Amino acid sequence: MNFKKNGGKLLKHSGVQIFTEAELAKATNNYDESKKLGEGGFGSVYKGRIVVGEGGFGSANKGRIAVDIEVAIKKPKDVHKPLMKKGFQDELKTVILKNHENVVKLYGICLETRIPLLVYEYILNDTLFEHIHLKASTILRSWKNRLRIAIEAALALKEMHSSKIIHGNIKSANILLDQNYLVKISDFGTSLLISPEHSHIIATEIEGTLGYIDPEYLTIGKLTIESDVYSFGVVLVELLTEKKPTSSITNKSGEPINIISHFISSVKNGTLSDVVNFEAASEDEIKQVETVAEIAAKCLDQSRRKRPTMSEVAQQLAPINQSSTVARNTEVTVTIDTSAEILVTAEASEHAMSSCLSWLDLASSCI
Ligand SMILES: Nc1ncnc2c1ncn2[C@@H]1O[C@H](COP(=O)(O)OP(=O)(O)OP(=O)(O)O)[C@@H](O)[C@H]1O
């Protein structure tokens, strides 16, 4: 594929800006180690500051006001590997095609390197994986936040699937949380666009992350939209149990059993309280947890045909949130750039709390 030719066509009306290699090197202090945000299968991600919205490629950028903002720059590990080139091209196509509020935004691209460098919006509040497994997260103390995160991720996936895009690597480490703890799905390096007349992609090489991979994809190599549904089910289990999907627990007979299998039998046997790892605040919340667990178990069906679609999942999750009672005395810690910490006690609904967080964020930028 001639990237500059085909990618150029795709970029023309996307509003994506073209950066030079020198601009991106300057933005990251020449890819200084201290700027590194993380590393994935295809490359490393660096934090940088850059001016976006000035001129840019195509008419979409004309007349935009230039802003100096923080960005996350994705740089390939090895610019000569053909597979890597494909991964970056797929990621680029997918992100441009899928402009959704819960999908990480692509600001720009650098075409001077053999494999393009990708410039994303910088997402402040780490990954869901880190919130669940690596830190004492204040945001996950509230069931409503867990539920909201699940709903936002489901809506983003539903939208992607409606455009026939398979993400291919859904996991909590690819669910980023922004300054208001809203979901931003990232890492489209393994994503695939299926043609309207097809329902799957035959993979020559299994890609994905251990613990999240659809068992049907593993055995017959067919990646489908339902493969994302399975992986989403695993994320729901993580949100409910706080266990990593590859971990085991000891069952009543003293044998180690994988958390996913154990979770499914707990849902079937009505022993969910053995695996759920947080205190539900009310009877109402217990019921909501049970409903989400049942949805998770359906997503995790071994047979992809029996799994719900993401549209059905989103439809079933959304009313749970609406029926929930107002959150009271929920503590949220907001860390501001200046390192000052503000503790907010929100005696209001989740929506009001989210507005409160946006307001604080705005205030912090003025300090
Ligand atoms: N837009 C972003 N804003 C802030 N941090 C980001 C952003 N994108 C990625 N990161 C950070 O960089 C890390 C690496 O991201 P990347 O998408 O390359 O790979 P991954 O999802 O961790 O791994 P793999 O591609 O192997 O599945 C992420 O775990 C995250 O911590």
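The values are calculated or read from the model by the stated rules, or taken from the named source; none is laboratory data. Owing to the predicted nature of the structure, the values given are computational and were not obtained by experimental measurement. Here the Cβ positions follow ideal geometry from the backbone for every residue, glycine too, while neighbour counts run over all protein chains shown. Accessible surface areas use protein heavy atoms only, side chains included; no ligands, DNA or RNA. Shrake-Rupley method; radii C 1.70, N 1.55, O 1.52, S 1.80 Å.
Backbone phi angles across the range 113-129, fed through the Karplus curve with coefficients 6.51, -1.76 and 1.60 (θ = phi - 60°), yield HN-Hα couplings of 8, 4, 10, x, 8, 10, 10, 10, 5, 7, 9, 5, 9, 6, 9, 4, 4 Hz in residue order; Gly and Pro are listed as x.
On average, how much accessible surface per residue is there in the range 228-319, in Å², for a 1.4 Å probe, leaving out ligands, DNA and RNA?
On the way: 4470 Å² over 92 residues.
Ligands and nucleic acids excluded, the result is 49 Å² per residue.
In the context of the full protein assembly, E101 retains an accessible surface of approximately 130 Å², using a probe radius of 1.4 Å and ignoring ligands and nucleic acids.
Set against the 2.2 N^0.38 Å expectation for a compact globular protein, the range 254-309 has a Cα radius of gyration ratio of 1.21.
How much net charge surrounds V276 when only the other residues with a Cβ under 14 Å from the Cβ of V276 are counted, with Lys and Arg +1 and Asp and Glu -1? Cβ neighbours under 14 Å give a net charge of -4.
Counting only protein heavy atoms and using a 1.4 Å probe, the accessible area of H161 comes to about 20 Å². Subtracting the Cα-Cα distance of K252 and L210 from their residue separation scaled by 0.36 nm leaves 12.5 nm.
Net length available on complete extension from D126 to I286 is 54.8 nm, with 0.36 nm assigned per residue and the Cα-Cα distance removed. Filter K222/K287; K144/K164; K105/K268; K47/K135 down to the pairs with a C-alpha to C-alpha distance above 32 Å, please. Violating the 32 Å limit, Cα to Cα: K222/K287; K105/K268.
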